[in-house]
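J.: This structure is in structure tokens; I'll ask about it shortly.
The values are calculated or read from the model by the stated rules, or taken from the named source; none is laboratory data. Remember, predicted model here, so these are calculated numbers, not experimental data. So basically every Cβ, Gly included, is an ideal-geometry build from the backbone, and we count neighbours across all protein chains shown.
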Amino acid sequence: MNYLEHIGKYFMMLGQVFKKPQKSRIFYESLLKEIEELGLKSLGIIMFISFFIGGVIAMQTALNLESPFIPDSLIGFAAKRSIILEFAPTFCSIILAGKVGSYITSSIGTMRVTEQIDALEVMGVNSLNYLVLPKIISTLFFYPFLITLAMGLGIFGGWLAGVLTGLFSGIDYIEGVQMEFKPFLIIYAMIKTLVFAFLIATVPSYHGYYVKGGSIAVGKASTQAVVWTTILIVIANYFLTQMLLT
């Protein structure tokens, strides 16, 4: 199957996904479940990684700015820009693509190979709308919160790393964080987050929904879903950066 056929099937799938849900109560229950599975259960890993990566970014910046003519406040400024522009929205989304994407593909793929999706279709249920739309809405709703939390923890981790290691003072770091604050950069990060969240929800769903074979095929589809979601996030990151910042 060539790439054009995959792209066509993907957009045809989206056409079925965005049809009106048949029963609002069932949809609401499914949405709450997906918010827990795709969002709340990802809080721990995002908080852990954000805190320590923020500290590493600040320490590496400090170690590479050893000139006495460069103020220490530049460390906080550089760390803030790095975390807001790239680390929080892009790096965290790639982590979520691996964790959440494999879960989505395996769960939908298992339903496909065990003929549960066929049973839904026989009962007259729009299986794509029932399975995929709650995942899209939950990621679009919850991931901006996750990325905002990653930004805050990353900046805090950088401050704490400086205080504990003595590479720079906390006051200089905070001064750098406050330097030249541009609200549009937060908007830019949120736009990227929403695009990445949509990809994280839909690309693994596509691979899981159209899987053929048994449990081995589901495993292969999960790997392909994570790889392609990561590739598309990187490509989308390039084009969004070019369109919004240049």
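J.: Run down Ala197, Ala201, Ala221 and say which single residue is assigned to a helix (DSSP H, G or I), touching a residue at least 60 places away in the same chain (Cβ under 8 Å), within 15 Å of Val113 (Cβ to Cβ) and in contact with a helix residue (DSSP H, G or I) (Cβ under 6 Å, 6 or more places away or on another chain).
T.: Selected residue: Ala221, the only one of Ala197, Ala201, Ala221 that is assigned to a helix (DSSP H, G or I), touching a residue at least 60 places away in the same chain (Cβ under 8 Å), within 15 Å of Val113 (Cβ to Cβ) and in contact with a helix residue (DSSP H, G or I) (Cβ under 6 Å, 6 or more places away or on another chain).
J.: Then there's this: Among the candidates Lys182, Lys135, which residue alone is of a type in the set (Lys, Arg) and out of contact with any Asp or Glu (no Cβ under 6 Å at 6 or more places or on another chain)?
T.: Exactly one residue qualifies, and that residue is Lys182.
J.: Which fully enclosed helices (runs of 4 or more DSSP H) of region 102-183 have 1 or more residues being within 24 Å of Thr229 (Cβ to Cβ) and among the small types (Gly, Ala, Ser)?
T.: Values: elements: 116-122, 127-165, 170-178.
Helices (runs of 4 or more DSSP H) meeting the threshold: 127-165.
J.: Continuing with the same structure: Of Gly109, Gly101, Gly124, Gly152, which residue is small (Gly, Ala, Ser) and touching a Gly at 6+ places or on another chain (Cβ under 8 Å)?
T.: Values: Gly101 fails: touching a Gly at 6+ places or on another chain (Cβ under 8 Å); Gly124 fails: touching a Gly at 6+ places or on another chain (Cβ under 8 Å); Gly152 fails: touching a Gly at 6+ places or on another chain (Cβ under 8 Å).
Selected residue: Gly109, the only one of Gly109, Gly101, Gly124, Gly152 that is small (Gly, Ala, Ser) and touching a Gly at 6+ places or on another chain (Cβ under 8 Å).
J.: One residue is enough: does region 177-199 have a residue meeting the conditions surrounded by 14 or more Cβ atoms within 10 Å (Cβ to Cβ), within 26 Å of Ala58 (Cα to Cα), touching a Lys or Arg at 6+ places or on another chain (Cβ under 7 Å) and at pLDDT below 90?
T.: There is at least one residue in region 177-199 that is surrounded by 14 or more Cβ atoms within 10 Å (Cβ to Cβ), within 26 Å of Ala58 (Cα to Cα), touching a Lys or Arg at 6+ places or on another chain (Cβ under 7 Å) and at pLDDT below 90.
J.: Any residue in region 119-148 that is under 18 Å from Ile104 (Cα atoms) and touching a residue at least 24 places away in the same chain (Cβ under 8 Å) sitting within a Cβ distance under 6 Å of a residue that is of a type in the set (Ser, Thr, Tyr) and crowded, with 20+ Cβ neighbours inside 10 Å? List the pairs, counting only those 6 or more apart or interchain.
T.: Within 6 Å, the pairs are Val132/Ser205; Tyr143/Thr193.
J.: Restricted to region 128-173, and to residues that are β-branched (Val, Ile, Thr) and touching a Lys or Arg at 6+ places or on another chain (Cβ under 9 Å), which residue is surrounded by the fewest Cβ atoms within 10 Å (Cβ to Cβ)?
T.: The selected residue is Ile155.
J.: Continuing with the same structure: When region 36-91 is examined, which residues are found to be surrounded by fewer than 19 Cβ atoms within 10 Å (Cβ to Cβ), of a type in the set (Val, Ile, Thr) and either modelled with pLDDT under 90 or over 19 Å from the mean Cα position of the chain (by Cα) (or both)?
T.: Of everything in region 36-91, those that are surrounded by fewer than 19 Cβ atoms within 10 Å (Cβ to Cβ), of a type in the set (Val, Ile, Thr) and either modelled with pLDDT under 90 or over 19 Å from the mean Cα position of the chain (by Cα) (or both) turn out to be Val56, Ile70.
J.: Okay, moving on. Being over 23 Å from the mean Cα position of the chain (by Cα), surrounded by 10 or more Cβ atoms within 10 Å (Cβ to Cβ) and either closer than 12 Å to Leu128 by Cα or of a type in the set (A, V, I, L, M) (or both) is the filter here; which residues of region 4-14 pass it?
T.: Met12
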